[in-house]
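These notes concern the structure reproduced below.
The values are calculated or read from the model by the stated rules, or taken from the named source; none is laboratory data. What you see is a predicted model, and the numbers here were worked out from it, not measured in a lab. Virtual Cβ from ideal backbone geometry, glycine too; neighbours counted across all protein chains shown. Each accessible area value is taken on the protein alone, full model and side chains, heavy atoms only, with ligands, DNA and RNA left out. Shrake-Rupley method; radii C 1.70, N 1.55, O 1.52, S 1.80 Å.
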Amino acid sequence: MSSSKPPLLANATRDLAAFAASIRYEDLPAEVVQRIKTSALDSIACCLYGATLPWTRKVGEMVEDEGAAPVASIMGTGRRTSVANAVLVNATAGHAFELDDIHKESILHPGSIALPIAAAYAERDGGWSGRDLIAAMATGYEVGIRVGNAATMGLFFRGFHPQGSSGVFVGAACAGKSLGLDAGRMQHALGIVGSQAGGLMAAQEGAMVKRFHAGRAAQSGVYSAQLAARDFTGITDVLEASYGGYLAAYSDSPNAARLTDGLGSDWETAKVGYKPHASVTSIHSALDALAHIMRENRLAPDDIESVDVGVSEMTFVHCAWDYKAQGVTAAQMNLYYGLAVIAHDGVAFVSQYREDRLADPRLLDFIRRIHARSDADINAMGPAFRHAATVAVRTRDGRTLSKQILNRRGSPENPLRPEDVEYKFRNVVASCLAPRDIDQAVRMCDTLETMDDVGPLLALLAQPGRAA
């Protein structure tokens with residue numbers, strides 16, 4: 001049946017694999033190098049803080065029970081395991097607290113997958129330079145993001161979590177580059193990993209398994225590349241096959257042209273952004289709009305009678321479900337809870353998502369005053385504005401105050417400054433690293449392309465954290 005229909009885009013998997021295998025550090029535009037360096041710093045923070053959380057520790061305990069060959073570190077613990085098991089834990093940690101980087105169109109957080117893979121191979125093999133690390137990460141980013149772009153929001157609306165589905169291609173491309181796969185074996189690595197894609201969006205409403213999606217995507221990428229290196233074969237047209245191919249099976253509205261549009265000249269990696277809030281990216285514009293209104297008008301929560309929030313259809317489906325205190329994951333994915341903590345604390349960061357805040361009566365009272373809706377005007381702007389929000393506040397003294405944000409803070413269109421990302425890093429890892437180590441990590445990531453040996457950076461990440 002697969003051969004009776006034309007492919008969605010002829011030779012797309014072959015061409016993407018050939019591109020991935022050919023990438024060299026010297027070919028990367030300066031903006032891509034800078035973005036990967038910033039993402040490395042951001043991803044390290046996510047992994048180290050995530051290693052302290054109970055869901056990551058459970059995965060780590062399972063891995064340690066297996067007793068695999070100790071060649072790669074479980075970050076922040078001082079313990080080692082196999083490459084595949086290390087990335088399972090470390091990528092789970094990277095996605096463990098909704099802090100990881102984000103590419104809007106693909107709906108992917110590539111850093112929490114690529115950084116753990118490149119770091120694990122660099123530690124196992126030794127002799128890696130900073131340029132090697134950057135090239136491996138950029139390969140994973142560019143390939144995985146392009147697959148996510150081609151899958152479109154149609155994948156999400158079918159109930160798949162892009163991190164666990166399209167994310168496997170980040171993993172396979174990064175691992176394949178780390179192993180030096182040629183174009184043919186890279187094509188088989190992609191063809192193997194496509195069959196490992198998974199991740200269900202229902203996990204957002206309270207399940208630890210959402211964090212695990214990134215871990216499994218990374219581990220599947222490692223296994224797929226290592227099998228391809230042994231000449232194990234995969235689906236050579238895995239992306240474009242019209243029956244049973246990744247795009248045809250996972251998305252009801254694929255856009256296969258996005259796999260190779262501008263390949264090698266228009267780098268999707270350069271469009272990755274960062275999170276100022278410890279919550280799902282889709283609600284950040286709404287959070288900032290409410291914060292702006294309250295700050296500019298010196299409002300307290302009790303001054304507000306009601307809040308009306310207009311968001312895209314995707315954000316509405318993704319985040320505007322009735323809030324219940326179901327756990328940290330659910331709170332971080334929920335629009336109403338995020339707005340409530342902004343109203344009371346002015347921020348939505350690590351401490352706002354502690355277990356003891358999730359059923360705070362003051363927050364639940366504020367949530368009852370919020371009305372969210374799918375905004376026709378925002379939807380008409382198209383997918384590029386799916387993070388946009390319009391917030392209108394009605395005060396108890398009769399005023400109506402509104403604010404619209406079309407591009408969220410931290411997006412490429414409204415970027416965080418490098419010092420903002422560094423500020424975030426220092427705050428996230430304050431409980432994990434000593435001040436001197438924090439300074440060293442910042443310095444090494446800032447000069448990553450000049451490091452002849454990334455061993456000192458890897459050793460810093462491997463050492464037991466203060467919270468371990």
Got a sec? Which of Leu9, Leu99 is in contact with a helix residue (DSSP H, G or I) (Cβ under 7 Å, 6 or more places away or on another chain), assigned to a loop (DSSP other than H, G, I, E, B) and open to solvent by less than 10 Å² (accessible area, probe 1.4 Å)? Leu99
Free of Cβ contacts under 8 Å to residues at least 40 places away in the same chain, open to solvent by 10 Å² or more (accessible area, probe 1.4 Å) and either assigned to a helix (DSSP H, G or I) or on the phi > 0 side of the Ramachandran plot (or both): is that true of Asp356 in this structure? yes
Regarding Phe212, is this residue among the aromatic types (Phe, Trp, Tyr) and either at positive phi or under 15 Å from the mean Cα position of the chain (by Cα) (or both)? yes
Looking at Ala119, Ala135, which is the one that is touching a residue at least 12 places away in the same chain (Cβ under 8 Å) and closer than 16 Å to Asp27 by Cβ? Ala135
Looking only at segment 18-58, how many residues end up being aliphatic (A, V, I, L, M), closer than 26 Å to Arg216 by Cβ, assigned to a helix (DSSP H, G or I) and under 22 Å from the mean Cα position of the chain (by Cα)? 7
Could you go through segment 224-247 and let me know if any residue there is small (Gly, Ala, Ser), crowded, with 23+ Cβ neighbours inside 10 Å and within 20 Å of Leu115 (Cα to Cα). yes
Scan Ala257, Ala300, Ala325 and give me the residue that is open to solvent by 10 Å² or more (accessible area, probe 1.4 Å), among the small types (Gly, Ala, Ser) and either closer than 28 Å to Ala197 by Cα or within 21 Å of the chain's Cα centre (by Cα) (or both). Ala257
Looking only at segment 175-209, and only at residues there that are small (Gly, Ala, Ser) and within 30 Å of Asp322 (Cα to Cα), the one that is modelled with the lowest pLDDT: Gly206
Can you work out which of the residues in segment 261-297 that are over 25 Å from Ser112 (Cβ atoms) and touching a helix residue (DSSP H, G or I) at 6+ places or on another chain (Cβ under 7 Å) is surrounded by the fewest Cβ atoms within 10 Å (Cβ to Cβ)? Gly264
Considering segment 242-294 alone, what residues qualify as being closer than 30 Å to Pro7 by Cβ and polar (S, T, N, Q)? Ser242, Ser251, Ser253, Asn255, Thr260, Ser265, Thr269
State whether one or more residues within segment 104-121 are out of contact with any Cys (no Cβ under 6 Å at 6 or more places or on another chain), more than 27 Å from Pro276 (Cα to Cα) and open to solvent by 10 Å² or more (accessible area, probe 1.4 Å). no
Can you spot a residue in segment 427-446 that is under 24 Å from Ile283 (Cα atoms) and either out of contact with any helix residue (DSSP H, G or I) (no Cβ under 6 Å at 6 or more places or on another chain) or basic (Lys, Arg) (or both)? yes
Only one of Thr281, Thr260, Thr269 is in contact with a His (Cβ under 7 Å, 6 or more places away or on another chain) and either closer than 30 Å to Tyr25 by Cα or not acidic (Asp, Glu) (or both). Can you tell me which? Thr281
Give all pairs with beta carbons closer than 8 Å in which a residue from segment 55-72 that is over 23 Å from Val209 (Cα atoms) meets a residue that is acidic (Asp, Glu) and modelled with pLDDT of 95 or more; count only pairs at least 6 apart in sequence or on separate chains. Val71/Glu123; Ala72/Glu123
Exactly one of Gly94, Gly194, Gly154, Gly199 is closer than 30 Å to Gly338 by Cα and crowded, with 24+ Cβ neighbours inside 10 Å, and that one is Gly94
Might you let me know whether segment 333-344 holds any residue that is farther than 19 Å from Met208 by Cα and surrounded by fewer than 22 Cβ atoms within 10 Å (Cβ to Cβ)? yes
